[in-house]
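Here is the structure we will look at.
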Amino acid sequence: MSEARALAEVDEPEEQVQQSSAPATYPRLVLATPAGAPIPVEQRPAWLTALYICSGFLMFLAQGLGLNIVNVNLYQLQGTFSATIAEVAALSAAYMAPYASLSLALFKIRVQYGLRPFAELSILAFVLAACLNLFVTDLHSAMVVRFISGMAAAPLSSLGFLYLLEAFPPERKFTLGLSLALMGTLLAAPIARIISPVMLDMDGYHALYTMELGLALMALPVIYLLPLTPPPHAKVIQRTDVFTYLLLAIGLGLLAITFTLGRFYWWLEAPWLGVMLAVAIACLTLFGMIELRRENPLLDLRWIFSRQNLHLAGVLIVFRAVTSEQSTTSVGFFQQLGFQNDQMQVLYGFVLLASILGGLFCAGLMVAKRPGLAHVIALALIAAGAFLDSQSNNLTRPEQMYLSQSLIAFGAAMFLPPVMAQGFASAIQRGAPYLVNFITIFLFTQITGSVIMTAALGSFVTIREKFHSSILVENVLLTNPVVAQRVSQLAASYAKTITDKTLLNAEGVALLSQQVQREAYVLAYNDTFWLIGCVTLFSLFVLLLHLAWNRIAEAMAAIRQGAAGSDTSKQV
């Protein structure tokens, strides 16, 4: 209850609390009090609560589809822009560069200038950015618009959280509200893969962003008609904050670009990657040196790098590492086998359903105050799914992964809410300004951490593919009768068009080398699935030790308290 009381004090000014205590009746279609504030939760009809929940999911969907709509269609957009896969990947980098840090600045702007102007300007900027997508004609204009879209979309995830938390009373914000909000962040990726084939068939790139514009226009009246509880205003922005934020934005933006494009251009082969990484490190180092000397820093780095928060950041990075199995690794596996999004729609339908069920199940456990159990179940399910996927081969099809991917999606939806609830409670107990620091930890691990983990796993796949290719090629010798027969079988398909025996044999060897490379990729992805499973299993082992230690510490504290009580009674 102390956590809920602290949140209530942060969210509601004194006059709002006094108004909520007065009994009142509201007409059926009234969405706010005469002062413009939302109707208190206790007096709110059920349909209005449902409207707040739907509005939160709409914000997450509008923001998430804009983020994922390029990532899930990299290969399809090559033809649209007449570009290589590395050049199309630059669209994702352009989006992530401002998105990685802008939410931090927006939080402070919201506190100083008010929630209503912040929300109204944010949604107008998002609608404008969505309109600009309709005028994209080439890759360069697309990159500029994607950069603007990344800036405009940054506030929407915050608004999604606020609308979902607004729907519940203070005692349920950290349990039911937070679970649903974090579930909402997971839904956009599978939905993007389900709807992308239909959109691309209609009008290619423009159809995708016409749909994004439609979602933005749906969210526009919500902001103006459905109010949020305004937090207390405070002057939190100082002149030095502008300079230090620019350092942070440049550092995190360059990190996002480096790790997004590094595996496509390869880390040691593109000198500009090293230059960008060096500039990023220099900017972040200078940012840290300035912030540590300030009395009122933009970020309290000493608190952020405390033992408790480092533990929290480690848990969040582990989450990003293990859930990358679904978001990138399994997708890359099927793309190597030649599958496209339209052939995986049913698979991602199962992923979407499992994410929803996992979020609801976690909400039940959070309401029952069993966060430790939610963590254990989540890690066990993710490990089971990863080990099932590690047994794949070149005959594996999406239907063979319905179970494993559903297990991973169910577990992923259960992982974050317990961690986030604990972090929010710790930050609020220290005061509202520490919410900025906690949001920084969350954003760094979920945005930058996601980019880093995707790059690391993609690079691991490439390295393992080269390893397996070298071993397989050593055993593919034309002097081997089995290999020679296979080359002849593969070359037979060109026998009617190529009469030269030498060229025909060369085509057979080329087809065989393609099959060898495909097998090497299958083995590399199996190694990655197995690695993710082992990391998850190790995390589960550490978690069980941590829970056991907490139980022992609680038991020892109870024994000491009982002994102290008995000594006191004897003295009496």
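For the reader, a short list of remarks on this structure follows.
- Cα radius of gyration and Dmax for the range 230-311 (Å): 16.0, 51
- Here the gap between residue 403 and residue 534, fully extended at 0.36 nm per residue and compared with their Cα-Cα distance, gives a gain of 45.3 nm.
- With the simple spin-label model, which puts each label point 7 Å out from Cα in the Cβ direction, the residue 471 to residue 357 separation comes to 3.7 nm.
- Between residue 292 and residue 243, the FRET efficiency estimated from the beta carbon spacing at R0 = 22 angstrom works out to 0.90.
- A cut-off of 5 Å between modelled amide H atoms, ignoring neighbours fewer than 5 places along the same chain, links residue 344 with no other residue.
Where a number appears in this text, it was derived from the coordinates with a stated rule and is not lab data. Quantities reported herein were computed from a predicted structural model and do not represent experimental measurements. Neighbour counts run over all protein chains shown; Cβ positions are idealised from the backbone, glycine included.
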